[in-house]
Amino acid sequence: MRNVLLTVVALAGLSLGWIGTRGTASIPPLSPLLDPLNGAWAAAARADLPADAVGGIPNLDGPVDVRYDRRGVPHIFAGTEADAIRALGFVVARDRLFQLEVQARAASGRLTEWAGAVALPTDRQMRRLGLPASAAAITEALPAGGRARAILDAYADGVNAWIDGLRPGDVPLEYRLLGVSPERWSPGNTLHLFARMGWTLAFGSAERSYSAAASLVGEAAAEALFPKDGPIVEPIQPNGSPAPRFDFRTLPPPGAPAPGARGLAALWPVAPGDGEPSPSFASNNWAVAPSRTAAGRALLAGDPHLDMTLPSLWYEAHLVVPGVLDVYGVTIPGAPGIVIGFTRDLAWTFTNTGADVLDLYRETVDDANDPRQYRLDGAWRPLRIQVERYRGKHGEEIGVDTLRFTHRGPMSRSADGWTSMRWTVLEPVLSQTVFLDVARATSARDFLDIMATGFGAPAQNMLVADRQGSIAIRSTGHYPIRPEGARGWVIQDGSSSANDWRGFWPLDQYPQAFNPAQGFVASANQAPLDPRQQPRYFGRESDFDPWRALHLNALLRGDTAVTPETMMRWQTDPGSARADWFVPAFLGAAARMRQQGRATPGLDSAAAWLAAWDRRYLPDDDHVALFEAAMRQLTARTWDELAPDGGARVATPGTAILLNLLQDSSSAWWDDRRTAGVVEDRDAVVSAALVAAHDSLTRRFGPRDQGGWRWGRVGATRVMHLLDIPAFSETGISIQGGPGTLNPASAGGHGPSWRMVVELGDTVRAWGTYPGGQSGNPASDRYADRLPRWRTGTLDTLLAPRDTGFAATARLRLTRSAK
């Protein structure tokens with residue numbers, strides 16, 4: 001059991017004699033935390049699940065039996081679907097109440113009510129994007145008495161039943177640290193959660209990177225650096241090729257800045273960075289047909305990479321309603337159903353598509369400072385005006401915004417005027433019952449059909465396999481049909497409705513494959529389509545990442561007798577297609593510099609160290625760090641034209657574009673215009689990047705042969721508490737993997753959030769784990785108990801009993817209570 005009292009003292013870091021009575025602006029008084037009955041001690045005392053417990057939920061149709069297995073997973077046995085959802089809400093609140101509320105507040109723009117003005121920028125972003133308004137409108141439009149509303153109400157019944165029965169000592173420790181109390185759950189909170197999920201996965205605006213680049217190097221160069229189609233072709237929808245294709249092309253030189261682009265770039269600025277760009281959330285999934293597995297059964301692997309937090313983004317559960325529902329997997333706290341998982345007939349998982357589903361429109365308004373109307377097709381139309389008020393911890397008003405909406409969506413102001421946004425995430429394109437509906441599917445085809453009508457945003461690469469041996473993938477979502485000639489990555493003229501979307505792609509044009517001849521399907525956030533086969537715009541090259549897909553497909557092509565153990569091993573395979581391409585580029589440049597008499601002892605030493613690497617990301621390896629530092633240096637030195645006045649880069653082309661550029665030794669992009677009288681070439685820049693990387697590592701970590709360069713230290717990841725409280729977090733986690741590999745957990749805390757492998761035979765077998773634990777209580781043994789096995793890539797056997805006749809470690813009996 002974790003020592004919560006010491007945690008509180010460590011968190012405060014101040015004299016208990018002073019802060020215990022007065023508190024500070026950010027930390028409340030600690031005296032309540034030291035209360036032996038209701039403070040930190042109570043959190044520790046109530047950390048474990050009682051062996052036998054009872055609870056009441058209003059509106060239950062009948063008794064519900066919840067049995068917990070040795071891994072803390074609740075198996076919910078109910079008589080009706082609604083009761084199963086009520087019980088799910090109850091057990092999630094029991095384990096994750098603080099997480100439920102902090103996610104809902106973040107999504108609805110109400111964090112200031114806890115944290116004050118420090119949270120105002122975060123809340124403003126959510127509200128100005130229109131996310132809370134959209135969620136509220138969708139909730140309001142749900143038919144009273146309809147199934148969707150009934151399910152949302154049922155989940156709220158369960159959450160609120162737990163909240164209403166809370167004893168003071170049951171209140172999660174974080175509430176006491178913040179000096180606030182739990183708020184009852186609203187059915188609309190689930191819609192807020194879905195909206196924020198859309199923001200997390202689909203708020204990529206192609207206009208931002210393109211416009212930021214065009215503002216410095218011109219439109220022709222920006223088009224080449226952020227192209228519609230990338231140079232590496234290994235699509236999700238199989239194209240019939242037994243190997244990837246490389247369509248390298250000559251990049252035009254930097255040109256004159258494009259007029260008017262800088263204002264748009266400032267509208268939603270691209271976050272600067274010192275290294276290569278990468279999708280914020282990178283995921284893998286793949287399925288193998290029976291013809292390529294050792295046992296002749298379909299296999300599926302799910303590996304979504306998202307924010308890794310404590311408590312985890314995911315919560316594991318099993319729902320059983322005889323004759324109606326029998327589904328196991330993970331849910332997001334707040335979602336009424338299993339999001340990723342399996343049934344007795346099939347299994348499914350998702351990766352993000354990276355599709356461009358957001359467009360910007362420059363609007364003509366009646367008043368630049370306080371617009372009330374916008375011009376459309378020669379006539380003035382009223383803007384929808386909405387005043388947003390932000391409240392502090394004591395209800396005081398700490399901010400006011402006036403939001404404006406056109407028929408397309410919310411407006412924002414930049415130096416160049418007003419811009420509106422249309423975004424699929426703000427539209428009612430997701431069925432609130434879709435995850436319950438697919439749990440009733442009996443085949444891969446059923447699953448795809450249900451998702452096609454019930455899931456529109458955020459667009460996902462949906463992978464499914466069934467017991468009949470079928471495997472399938474479809475990039476499911478609403479993809480805009482833009483007007484003929486419109487470029488989705490360029491701001492449009494909002495004064496004409498001719499520039500509006502014309503609808504969405506028909507289903508038969510979605511990227512997809514059903515039982516392909518190659519015997520496997522795979523996605524790893526690469527471009528879904530081969531542009532030679534389907535030239536329609538889907539997203540910019542910078543929205544996709546080819547490296548994991550290259551390596552994953554190579555593994556799949558090379559094995560015709562795949563086993564579940566193989567699938568698990570691949571999830572943390574240390575190989576890297578990115579390193580396989582770039583290491584020879586560094587070594588080749590160093591060799592040519594040596595042949596030309598331009599090498600230095602420092603270059604020779606760095607090149608020799610890199611050449612000794614086997615290009616595998618292993619924790620004990622002390623060569624990986626040099627390669628990663630060299631890639632950062634190469635990126636910075638190559639794209640210096642995108643860093644105005646020597647500052648931060650406003651945009652960074654994808655690594656595939658960097659590889660493309662390496663094919664041209666004399667491109668103008670290699671020349672550093674800051675060095676007067678000198679024209680750098682490729683080999684000089686690449687070699688300088690390698691030397692600078694070696695020198696920087698030596699300064700930071702000491703000589704390379706003394707252990708300081710070990711990848712397990714340099715490339716360690718972390719899993720932070722939702723409030724970034726160090727004592728509640730796990731840091732310095734050494735893993736096998738890194739950037740561009742199938743296990744790309746980052747120092748920033750993004751990585752494999754749920755690993756799952758399912759074998760679909762006469763009986764379904766499954767394995768899984770995530771970086772955390774079922775409990776949100778930092779004092780609980782179930783808080784982070786899965787991390788050690790997750791770190792090594794070890795998956796647990798997932799138990800999915802048909803009835804209550806199994807060895808449970810705890811029991812919860814739920815009955816109907818008075819409202």
Debye log10 I(q)/I(0) at q = 0.12, 0.26 Å⁻¹ for the range 577-629, Cα point scatterers: -0.27, -1.02
Rounded to the nearest 500, what is the 222 nm mean residue ellipticity of the chain from helices alone, with -39500 (n - 2.57) per DSSP H run of 4+ residues and division by all residues? -9500 deg cm²/dmol
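Need one word for the range 94-154: rounded, prolate or oblate. Basis is the Cα gyration tensor (sqrt eigenvalues a ≥ b ≥ c); a/c below 1.5 gives rounded, then a/b vs b/c decides.
Working: a/c = 3.92, a/b = 1.50, b/c = 2.61.
Oblate, since a/c reaches 1.5 and b/c is not below a/b.
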Lys/Arg Cβ at +1, Asp/Glu Cβ at -1, dipole of the range 724-819 taken about the Cα centre: which of 740, 784, 751 is farthest positive-ward? 784
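The range 130-228: which trypsin sites (Lys or Arg not before Pro) are DSSP loop and have at most 16 other beta-carbon atoms within 10 angstrom? Show your work: numbers first, answer last.
Working: sites: 147, 149, 176, 184, 196, 208, 228; in loops: 184, 228.
Here the sparse-neighbourhood loop sites are 184.
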Calculate log10 I(q)/I(0) of the range 67-198 for q = 0.09, 0.13, 0.15, 0.16 Å⁻¹, where I(q) comes from the Debye formula with a single equal point scatterer on each Cα and nothing for solvent. -0.29, -0.61, -0.80, -0.89
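What translational diffusion coefficient, in µm²/s and rounded to a whole number, does the Stokes-Einstein relation yield for the range 324-446 at 10 °C and a viscosity of 1.306 mPa s, taking the hydrodynamic radius as the Kirkwood radius over Cα pairs? Let's see the in-between values first.
Numbers: Rh = 18.6 Å.
It diffuses with D of about 85 µm²/s by this estimate.
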List, in order, the whole-Hz ³J(HN,Hα) value for each residue of the range 52-57 obtained from phi through the Karplus relation with A = 6.51, B = -1.76, C = 1.60 and θ = phi - 60°; use x for Gly and Pro. 8, 9, 10, x, x, 10
Distance cut-off 19 Å, percentage of C-alpha pairs in the range 386-442 lying past it: 59
Proportion of all alpha-carbon pairs of the range 457-612 beyond 22 Å (%): 61
Over the chain, with neighbouring protein chains present, the accessible area per residue in Å² at probe 1.4 Å is 37
Paired Rg and Dmax values of the range 538-604, which use every Cα atom, in angstrom: 18.0, 53
At a 1.4 Å probe, what is the % contribution of carbon and sulfur to the accessible area of the range 52-165? 56
What Rg and what Dmax come out for the range 673-819 when only alpha-carbon atoms are used, in angstroms? 23.7, 84
Output ³J(HN,Hα) for the range 69-75: one whole-Hz value per residue in order, computed from phi by the Karplus curve 6.51 cos²θ - 1.76 cosθ + 1.60 with θ = phi - 60°, and x for Gly and Pro. 8, 5, 9, x, 8, x, 9
Take the Cα atoms of the range 511-563, find their three principal axes, and give me the spread along each one in whole Å, biggest first. 37, 22, 15
Within the accessible area of the range 670-819, what % is carbon and sulfur when the probe is 1.4 Å and the other protein chains stay in place? 48
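Chymotrypsin sites (Phe, Trp or Tyr not before Pro), restricted to the range 305-384: which are DSSP loop and have at most 12 other Cβ atoms within 10 Å?
Details: sites: 314, 315, 328, 342, 348, 350, 361, 374, 380; in loops: 314.
Answer in residue order: no site qualifies.
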So if I take the alpha carbon set of the range 295-384, get Rg, then get Rh from the Kirkwood formula, what is the Rg over Rh ratio? 1.29
Let's see if you can work this out: charge +1 on each Lys and Arg Cβ, -1 on each Asp and Glu Cβ, no other charges. What is the dipole magnitude of the chain about its Cα centre, in debye to the nearest 20? 680
Scale the Cα Rg of the range 444-500 by the rule-of-thumb value 2.2 N^0.38 Å and send over the ratio, two decimals. 1.62
Of (1) 1.08; (2) 1.22; (3) 0.96, which is the value of Cα Rg over 2.2 N^0.38 Å derived from the coordinates here? (3)
As an exercise, identify the trypsin sites (Lys or Arg not before Pro) in the range 354-443 lying in DSSP coil whose Cβ has no more than 13 other Cβ atoms within 10 Å. 372
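The values are calculated or read from the model by the stated rules, or taken from the named source; none is laboratory data. None of the values given here were measured: they were computed from a predicted structure. When we count neighbours, we look across all protein chains shown, and the Cβ atoms used for this are built from the backbone with ideal geometry, even at glycine. Note: accessible area is taken over every heavy atom of the protein model, side chains too, but ligands, DNA and RNA are not part of it. Shrake-Rupley method; radii C 1.70, N 1.55, O 1.52, S 1.80 Å.
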